[in-house]
């Protein structure tokens, strides 16, 4: 009976020791690099989205002013989507938490692209009245999505840095 307990205890210990290595995949450094590239693009988009939201509240600006900034944002959204394709290419080799982050960022990027298209379409339909609904609401939505995207990316980068520090400290612990 005692031998049975010892064997069971050893088996449980071995399972607990093996489980972390089974479920902990290495973080992919390429994902980290790409996330930092995405952050720079989103920071530009955040500035422009805030500016565009203020345009939606002012009656003095003509549609060309709106169009110029939307065109700049559309270029950044296209660059963002290009970077997201790069992140998606690394997804299979990313750790589980990185895969989740890629999925969340991808979803927000798609939402932003769709809303940007709707915003541009609406401006094209109502050039004489760029501050009439639903245009201002579309601008607010762009700003909200970009803010959510920035927060998601910042959180991902911060988590990755904290996790890397924790992992480095754990390696220094005596076995």
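For the reader, a short list of remarks on this structure follows.
- For residue 43, the requirement of being surrounded by 10 or more Cβ atoms within 10 Å (Cβ to Cβ), in a loop (DSSP other than H, G, I, E, B) and either modelled with pLDDT under 95 or within 22 Å of the chain's Cα centre (by Cα) (or both) is not met.
Every residue, every condition in (1) at pLDDT 95 or above; (2) touching a helix residue (DSSP H, G or I) at 6+ places or on another chain (Cβ under 7 Å); (3) not in a helix (DSSP H, G or I), yes or no:
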| residue | (1), (2), (3) |
| --- | --- |
| 6 | no, no, no |
| 15 | no, no, no |
| 19 | no, no, no |
| 47 | yes, no, no |
| 53 | no, yes, no |
| 70 | yes, yes, no |
| 74 | yes, yes, no |
| 98 | yes, yes, no |
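- Taking every residue in the range 46-71 that is touching a residue at least 60 places away in the same chain (Cβ under 8 Å) and on the phi < 0 side of the Ramachandran plot and pairing it with any residue that is surrounded by 14 or more Cβ atoms within 10 Å (Cβ to Cβ) and outside any helix (DSSP H, G or I), at least 6 positions away or on another chain, the pairs with Cβ-Cβ distances below 7 Å are 55/61; 56/131; 59/131; 63/130; 66/130.
- Among the residues of this structure, residue 143 does not count as one that is at pLDDT below 95 and assigned to a helix (DSSP H, G or I).
- Filter result for residue 103 (at pLDDT 95 or above and under 23 Å from residue 50 (Cβ atoms)): no
- Condition check for residue 98: surrounded by 16 or more Cβ atoms within 10 Å (Cβ to Cβ), under 13 Å from the mean Cα position of the chain (by Cα) and within 13 Å of residue 28 (Cα to Cα): yes
- For the range 112-135, a residue qualifies if it is surrounded by 15 or more Cβ atoms within 10 Å (Cβ to Cβ) and under 30 Å from residue 28 (Cβ atoms), and the qualifying residues are 112, 113, 115, 116.
- Residue 109 falls short on exactly one of the conditions (1) under 29 Å from residue 162 (Cα atoms); (2) buried (at least 16 other Cβ atoms within 10 Å of the Cβ); (3) out of contact with any helix residue (DSSP H, G or I) (no Cβ under 7 Å at 6 or more places or on another chain), and that condition is (3).
The values are calculated or read from the model by the stated rules, or taken from the named source; none is laboratory data. Every value quoted in this text rests on a predicted model; they were computed, and no experiment measured them. All Cβ positions, glycine included, derive from the backbone under ideal geometry; neighbour counts span all protein chains shown.
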